[in-house]
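Since the structure comes first, as structure tokens, the remarks are kept for the end.
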Amino acid sequence: MGRNTRKRRSSMATKAIAASAALALGGGGLIWANFYASAHESNNSAPNWTKSAAGQVATIACPDVGQQLTDVPDRARGEVDGELATLDRQITEFYQRLASTRDAQARDASFVQNTILGPLKDRRKAIIDRIQLEINRVGGNAPDSLDQLAPCTGTPAEQPQTTDGGQNGDGQNQNGDGQNNDGQNGDGQNDGQNGDGQQNGDGQDQGQNQNGNGGQAGNGPTAADFVDITQVQPNVKAKPRRTNNASTGTFTTRCGVNANKNFNTDNVIVAPGVTNGAHHTHDYVGNQKINAFSSNDTFLQGGTSCQNKNDLSSYYWPVLRLQDGTQEFDQNRDGGGKEGNVGKILTARQAQIKYVGSPTSKVVPMPQFLRIITGDAKTTTNGLANANAHWSCTGFENKVQLTEQYPICPEGSSVVRTFAFQSCWDGQNIDSANHRTHVDFADENGNCKNGFKAIPQLTMRLVYDVPRPVIENGQVKNAYAVDGFPEQLHKAATDHDDFISITTGGLANKIASCLNRGQRCA
């Protein structure tokens, strides 16, 4: 969710990297803005930059097989999802091999191809063959082109970047109905932002690997992944014009900030039944018993952190970490330090969840158990086709939204992550084979495409008090980043959010009715 076609700016380089010991050893109101249309709609092909081992590669880029599977028979879904999870695990394993063999790569220009990319291609081919067989076995028609997705490439340290910061979220227009940042700039916003010693504390440099891919675990972020938000030109677009049939209401649900630390590294949408299917840690609010083994049969038994006990929906997103040398609880676990997700997990100061309407039509209630993923955890290798990351700072949200960089906020301002989910539904399916085609964004005018119906648009706003990053000599101190797959290098564009609609007591109908009547409900 296609790639940005604006003219190219100077490359935000990451340097060729040294081995990462940490990775090798396992060591109030929303400013909102409804987003319409999928961002970056052109150039859907993934990047294909290659470089010899002598020049060193930064990461492994593998085509995303799951995104090509738009028609998988229901009887094959379980097996296919399991095989896709195996593909992810293979990439993780081979990236770890890449990160821990830098000396060998420097000595042998063919090392990466012979020892990493070649064997990885063979293993991927075997899995892809099994996926094709399973789909065809149950009467489906697996694409013959899947075989072409087996080879992976080594992506060099320096990659082409888009201009304007790639920050505009083309087409995902931000609009602000009643979402004014009220109270966002009051006293206390800057807690921990500017205290002396934040930049130079002993913990800051411990484990920091600022060579190569940077980051505490050697897989990002780098200094180029940060930008002073005060130096970015305003880029928030005007909202679509409302029609007389607009659904202008809002419905807010209060579900907390995950203060009780309900974490796991599963993803029941993408990899049901697979432990550590996400390869990174999620915060969970709402439904309290969501994991890889949850299902429609058990969702209603999960309880909820929401004040409205009829809201059993699951809202989950990758945690944000401060890379300050902290040894978190998951330092030696899958999905955590063993996969390059390290540092102190930050709990949001605010987590605001709001449903908004359509500027051009009434909305229909969300169906029970509807699943939606917004954004793409693999944009570093997939490209920006499905990117829907939006980063900003309090006091700047209605001016600047960043996609490809993390903001450095001024004194007194906090980091903000915002999400606006797809607001159009095909009217039939609660999920799809690639977890995307059953829902879509409205177009730039706020209209759903033919055959799709407007549903309440889920919007989320997460506010964090984060020590201010400082760039010195091409290195970043006080780096922060979202969790992700290790080969994705903790880029800002990989931010994403997941949602399963689970309601009781007619809540889905009440939300839609509130929006259609133009009321503000909670």
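Legend: distances between Cα atoms for 239/344; 289/477; 309/510; pairs beyond 25 Å are 239/344; 289/477.
Fully extending the segment from residue 453 to residue 228 would add 77.0 nm, taking 0.36 nm per residue of separation and subtracting the current Cα-Cα distance. Amide H contacts for residue 480 (H built 1.01 Å from N in the peptide plane; partners 5 or more residues away or on another chain; cut-off under 5 Å): 323. Once the C-beta distance of residue 411 and residue 327 is scaled by a Förster radius of 22 Å, the resulting FRET efficiency is 0.15 to the nearest 0.05. Here the label points at residue 238 and residue 510, each 7 Å from Cα along the C-beta direction, are separated by 3.8 nm in the simple model. Applying 0.36 nm per residue to the separation of residue 129 and residue 517 and subtracting their alpha-carbon distance, the gain on full extension is 134.5 nm.
Residue ranges 276-284, 303-311, 95-103, 481-489 sort as 481-489, 276-284, 95-103, 303-311 when ordered by packing (mean number of other C-beta atoms within 10 Å per residue, highest first). List the lysines whose Cα lies under 17 Å from the Cα of residue 449, skipping any in the same chain that are fewer than 8 positions away. Partners within reach: 362. Rounded to the nearest 20, the Cβ-based charge dipole of the stretch 378-522 about its Cα centre (Lys and Arg +1, Asp and Glu -1) stands at 420 debye. Rg and Dmax over the alpha-carbon atoms of the stretch 292-377 stand at 17.3, 50 Å. Taking amide H atoms as placed 1.01 Å from N in the peptide plane, the amide H of residue 401 lies under 5 Å from those of 235, 236, each 5 or more residues away in sequence or on another chain.
Based on protein heavy atoms only, the stretch 337-447 ends up with 24 Å² per residue of surface accessible to a 1.4 Å probe.
Surface composition of the stretch 247-374: carbon and sulfur make up 50 percent of the accessible area, probe 1.4 Å. Amide H contacts for residue 226 (H built 1.01 Å from N in the peptide plane; partners 5 or more residues away or on another chain; cut-off under 5 Å): 406.
The values are calculated or read from the model by the stated rules, or taken from the named source; none is laboratory data. These numbers were taken from a predicted model, which means no experiment stands behind them. As a convention, Cβ positions derive from the backbone with ideal geometry for all residues, glycine included, and neighbour counts pool all protein chains shown. In case anyone asks, the SASA skips ligands and DNA or RNA and just uses the protein heavy atoms, side chains included. Shrake-Rupley method; radii C 1.70, N 1.55, O 1.52, S 1.80 Å.
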